[in-house]
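Scroll down for the structure; my scribbles are underneath it.
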Amino acid sequence: MLIHLSDYFSQANKSKSFSLDFAIGKLPYAYKAEVVTKKEPLELTISYKEKGKAVLTGGCRLEVTLPCDRCLVPTTLPVEVSFEREVVAPERLDEDPDQKDDQVFVEEYQLDVDKLMEEEIVINWPTEILCRDDCKGLCPKCGHNLNQGECGCDTFVPDPRFAGLADIMKQLEQ
Ligand SMILES: [Zn+2]
Ligand SMILES: [Zn+2]
């Protein structure tokens with residue numbers, strides 16, 4: 001979805017609110033659009049700030065379903081998107097060398113809402129996927145989900161400080 005921005009760059013006090021459905025195309029890196037299992041409309045307000053400058057204020061709630069980092073059980077977590085971003089008209093892009101990279105979702109006078117949301121979703125992606133805070137994970141020996149009870153495996157890891165002692169004991173046994 002594209003929104004023309006020229007009025008918001010030129011008309012003082014121009015401001016408009018939208019409730020927008022958006023599409024998620026390709027997300028970069030390890031983020032996958034398929035895991036977005038719920039997405040509410042984006043509430044977006046575009047406002048004139050000064051000549052050649054506008055402000056985008058938005059909020060949206062999504063849900064992603066991903067395997068728990070510890071036990072791999074599919075887990076649904078919210079992604080809360082909330083932003084306020086300044087965008088500038090093409091004729092003012094030279095003023096700040098970083099601005100072009102900060103607004104890759106603006107092409108000339110067109111705001112690409114899908115592209116903006118792809119960026120915002122990545123920024124707000126959950127850093128840790130846990131089915132519950134105290135997830136016990138999987139048994140390193142048999143792969144049993146330890147949230148469903150103990151498996152009975154011996155997962156005792158010897159203290160490395162005693163490793164040398166264990167070697168001596170073995171030699172004595174021989
Ligand atoms: Zn888990
Ligand atoms: Zn086990």
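Quick notes on this structure:
- Computed from phi, the 3J(HN,Hα) profile of the stretch 90-106 under the Karplus parametrisation 6.51, -1.76, 1.60 (θ = phi - 60°) reads x, 6, 10, 5, 5, 5, 10, x, 7, 4, 4, 6, 6, 9, 5, 8, 10 Hz, with x in place of Gly and Pro.
- Between the residues Cys60, Phe83, Tyr109, the greatest Cα displacement towards the positive end of the dipole of the stretch 30-174, with unit charges on the Cβ of Lys, Arg, Asp and Glu, is found for Cys60.
- With the simple spin-label model, which puts each label point 7 Å out from Cα in the Cβ direction, the Cys139 to Val104 separation comes to 4.6 nm.
- Considering only Pro74, Asn13, Pro126, the residue lying farthest towards the positive end of the dipole of the chain is Pro74, judged by Cα position with unit charges set on Cβ.
- Value of D in µm² per second that Stokes-Einstein yields for the stretch 2-123, Kirkwood Rh from Cα pairs, at 37 °C (0.692 mPa s): 211 µm²/s
- Exposure proxy shown here: for Met117, Met1, the number of other Cβ atoms within 10 Å sets the order, fewest to most, as Met1, Met117.
- Rounded to the nearest 10 degrees, the angle from helix 113-123 to the longest Cα principal axis of the chain is 30 degrees.
- Averaging the sequence gap over all C-alpha pairs within less than 8 Å and six or more residues apart, then dividing by the number of residues, gives the chain a relative contact order of 20 percent.
- Annotation for the stretch 57-140: GluC sites (Glu not before Pro) lying in DSSP loop with at most 15 further Cβ atoms inside 10 Å of their Cβ are Glu108, Glu128.
- For the stretch 8-78, the spread of Cα positions along each principal axis, largest first, Å: 54, 22, 19
Taken together, the values in this text are just the output of simple stated rules run on the coordinates, not laboratory data. Bear in mind that the values here come from a model prediction, so they are computed numbers and not experimental data. So basically every Cβ, Gly included, is an ideal-geometry build from the backbone, and we count neighbours across all protein chains shown.
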